[in-house]
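Working notes for the structure below.
The values are calculated or read from the model by the stated rules, or taken from the named source; none is laboratory data. Note that the structure is a prediction, hence the values are computed from the model and not measured. With ideal geometry, Cβ positions are generated from the backbone for all residues, glycine too; neighbour counts draw on all protein chains shown. Just so you know, the surface numbers come from the protein's heavy atoms only, side chains and all, with ligands and any DNA or RNA stripped out. Shrake-Rupley method; radii C 1.70, N 1.55, O 1.52, S 1.80 Å.
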Amino acid sequence: MVRIFYKQGRYIQKEMDLRELSRLENILWIDLQGATREDEEWIETKYNVSFQTPQEIVEIESSARYFEQNSTINANSNFLQPDHNGYHLYPVSFMLRNNILFTYRTGDSKTFADTVRKMKVNAEMFSTGDDVFLTLLETRIESDADLLEGISREITVMSKKLNLEKKPNESYVLKISELLEYAMMVRESTIDKQRVMSAVLRSALFSDYHKERLRIILKDISSLLEYATFNFERLEYLQDTITGLINLEQNQIIKIFTVFTIVFLPPTLIAGIFGMNYQILPTSGKEWGFYFALLLMILSSAFILYFFRRKRWI
């Protein structure tokens with residue numbers, strides 16, 4: 001699918017038929033989403049551009065993430081997208097040439113739909129592809145910020161529940177692991193955009209008029225990374241708290257078993273002594289011997305319990 005956005009008067013229009021491309025003027029953005037190879041070749045020939053292959057787009061080297069060729073800015077960035085398993089990253093390729101933005105992607109993203117909505121509402125703000133490019137990035141950063149705020153809210157809810165229950169279980173550990181994974185994905189995606197935009201800012205091909213706006217976006221990214229770090233610290237603190245509570249619970253169980261072992265140790269010793277069939281024992285052959293031994297066992301246990309209580313060990 002290919003979507004062509006162009007400005008006609010004060011309005012942003014959309015065209016999806018490539019055959020109409022020749023008659024269109026003031027083209028701002030050509031968005032290729034899962035386009036056929038024939039469509040790609042047609043646009044490449046008409047505008048003298050070259051789309052990267054999916055394998056090249058996912059390369060992590062700096063030379064593959066951003067480069068300039070034939071007066072064209074080429075930039076690749078990962079976008080975070082929710083799915084049935086949580087979130088996943090999918091690559092988007094950007095090209096800026098002659099004030100037209102070309103985007104090449106295989107996945108779908110709410111970011112693109114939100115950008116189109118902004119273009120239609122504030123058409124006067126869009127005069128070149130640079131405006132669309134910056135709006136896409138701003139929208140994506142806003143979405144990443146929303147994701148981090150959602151993670152922060154879940155951390156707060158979990159922390160309050162933990163303070164009330166004071167009894168961690170497996171679900172807390174799994175949830176923290178999940179939130180840490182999401183936070184790392186947001187951070188990875190944000191750092192990727194920071195690297196790309198820093199390169200665009202240094203480019204002589206990018207409009208000086210838009211560079212101040214790009215600097216503001218980079219400042220927003222720095223703030224977002226600080227917020228992500230704060231969430232990491234909160235999750236680590238919560239993880240340490242849960243680990244501490246689990247250790248306390250385990251120590252309490254060990255303490256109970258230790259106390260029971262020590263409390264029953266003197267009675268066991270007394271029972272062993274009085275169980276010896278030696279005539280030298282004072283209670284040997286006496287009717288009250290059994291009751292005396294039993295009383296001695298009870299008193300020894302009671303003394304141990306009293307001693308532990310006095311020392312505030314139990």
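Only one of Asn85, Asn76 is closer than 29 Å to Leu179 by Cα and either at pLDDT 85 or above or acidic (Asp, Glu) (or both); which?
So the residue among Asn85, Asn76 that is closer than 29 Å to Leu179 by Cα and either at pLDDT 85 or above or acidic (Asp, Glu) (or both) is Asn76.
Given the structure, is Asp192 at pLDDT below 90 and in a helix (DSSP H, G or I)?
yes
How many residues does the stretch 293-313 contain that are open to solvent by less than 90 Å² (accessible area, probe 1.4 Å) and of a type in the set (A, V, I, L, M, F, W, C)?
Residues meeting the conditions: 9.
Could you count how many residues in the stretch 206-219 are open to solvent by less than 80 Å² (accessible area, probe 1.4 Å) and not small (Gly, Ala, Ser)?
7
Being surrounded by 18 or more Cβ atoms within 10 Å (Cβ to Cβ) and not aromatic (Phe, Trp, Tyr) narrows it down to one residue among Leu201, Leu179; which is it?
Of the residues listed, the single one that is surrounded by 18 or more Cβ atoms within 10 Å (Cβ to Cβ) and not aromatic (Phe, Trp, Tyr) is Leu179.
Does Ala228 count as of a type in the set (A, V, I, L, M, F, W, C) and open to solvent by less than 70 Å² (accessible area, probe 1.4 Å)?
Against the criterion (of a type in the set (A, V, I, L, M, F, W, C) and open to solvent by less than 70 Å² (accessible area, probe 1.4 Å)), Ala228 qualifies.
Inside the stretch 66-93, can you point out the residues that are open to solvent by 30 Å² or more (accessible area, probe 1.4 Å), part of a strand (DSSP E or B), touching a Leu at 6+ places or on another chain (Cβ under 8 Å) and not hydrophobic (A, V, I, L, M, F, W, C)?
Within the stretch 66-93, Glu68, Asn78, Gln81, Tyr87, His88 meet the criteria.
Just name the residue that is modelled with the lowest pLDDT out of those in the stretch 154-173 that are of a type outside the set (Asp, Glu) and either closer than 18 Å to Met184 by Cβ or open to solvent by less than 30 Å² (accessible area, probe 1.4 Å) (or both).
Pro168
Okay, residues lined up against (1) in contact with a Phe, Trp or Tyr (Cβ under 7 Å, 6 or more places away or on another chain); (2) closer than 26 Å to Glu138 by Cβ; (3) in contact (Cβ under 8 Å) with a residue 60 or more places away in the chain:
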| residue | (1), (2), (3) |
| --- | --- |
| Phe5 | yes, yes, yes |
| Tyr11 | no, yes, yes |
| Leu24 | yes, yes, no |
| Trp29 | yes, yes, yes |
| Ala35 | no, yes, yes |
| Asn70 | no, no, no |
| Asn76 | no, yes, yes |
| Asn85 | no, no, no |
